[in-house]
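**Student:** Let me give you the structure first, and then I'll get to my questions.
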Amino acid sequence: MKRIYLVVLLIVTACYKKDAPFDAFVFSVGSYTKDFSLKIDNSDTIYYQDRFKMKTGRNYYAVPNKADRDSIIAIIEHLNFPNYDSIYIQENLMDGAGIKFYKKKGTVEDWIFFYGDAGPRELNEYADKFYILMKRMSFKPYPKKVDLGDLKYVQIPEITFIPLKNPTP
């Protein structure tokens, strides 16, 4: 009888999955040369949305290997949102990149946005790690919609030109 309890205990322990540090994490970049988001959730899939020069983004997905997945989770765990302000903006910069880290766990949403060289240097280092991991992924088209959370600040607004009625030469 003790063996049965031991076997059941081993099965339950083996099936127990550590609570993930997030329900969803989104890394987004917006500039005049690129506009995309990378979403990681509790599944084995990573989603990528490319919005550059498009009204609606194109969605892709990839399934990272275990080492890459563990690296991504480690980066996200190490990014301690309470240690940072929510917004860092370099003044008088017109052509920089805006980068946003967005994390959701339950009903709690945390985010950090930085534009240009504003903000702590390690935020750029975290972004560089995501760029490197992204390049190793083999993304395939994904036909469904991807919820990327709050993209406020990172999405470049469309420029609309207002015609002048009586332009002067």
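Every read-out reported here was derived from the displayed coordinates using simple, explicitly stated rules and does not represent laboratory data. Keep in mind that what you see is a predicted model, and the values were worked out from it rather than measured. Cβ sites come from the backbone with ideal geometry, for glycine too, and all protein chains shown count toward neighbours.
**Student:** Between D117 and M134, with labels modelled 7 Å along Cα→Cβ, what's the label distance in nm to one decimal, could you check?
**Tutor:** Once both label points are built, they end up 2.2 nm from each other.
**Student:** On a full-extension model of 0.36 nm per residue, what is the gain between Y142 and T33, subtracting their alpha-carbon distance, rounded to one decimal in nm?
**Tutor:** 37.0 nm
**Student:** How would region 35-95 be classified by its alpha-carbon gyration tensor: rounded, prolate or oblate, with rounded meaning a/c under 1.5 and the a/b versus b/c comparison settling the rest?
**Tutor:** Judged from the Cα gyration tensor, region 35-95 comes out oblate (a/c at least 1.5, b/c at or above a/b).
**Student:** Same structure, new question: With 23 Å as the limit, write out which pairs from K105/K135; K100/K145; K53/K104 have Cα-Cα distances beyond it, or answer none. Don't jump to the answer; show the numbers that get you there.
**Tutor:** Numbers: K105/K135 27 Å; K100/K145 20 Å; K53/K104 28 Å.
Result: K105/K135; K53/K104 exceed 23 Å.
**Student:** Quick check: pseudo-label points 7 Å beyond the Cα along Cα→Cβ at T45 and L151, how many nm apart are they?
**Tutor:** The two pseudo-label positions are separated by 1.8 nm.
**Student:** From the gyration tensor of the Cα coordinates in region 19-141, what semi-axes in whole Å does the equivalent ellipsoid have, largest first, with each one equal to sqrt(5λ)?
**Tutor:** The answer is 22, 19, 13 Å, longest axis first.
**Student:** Here's something else I'd like to know. What's the local net charge at L133, with K and R +1, D and E -1, over the other residues with C-beta under 12 Å away? Before the final figure, lay out the partial values.
**Tutor:** Values: positive: R69, K129, K135, R136; negative: D68, D70, D128.
Around L133, the charge tally is +1.
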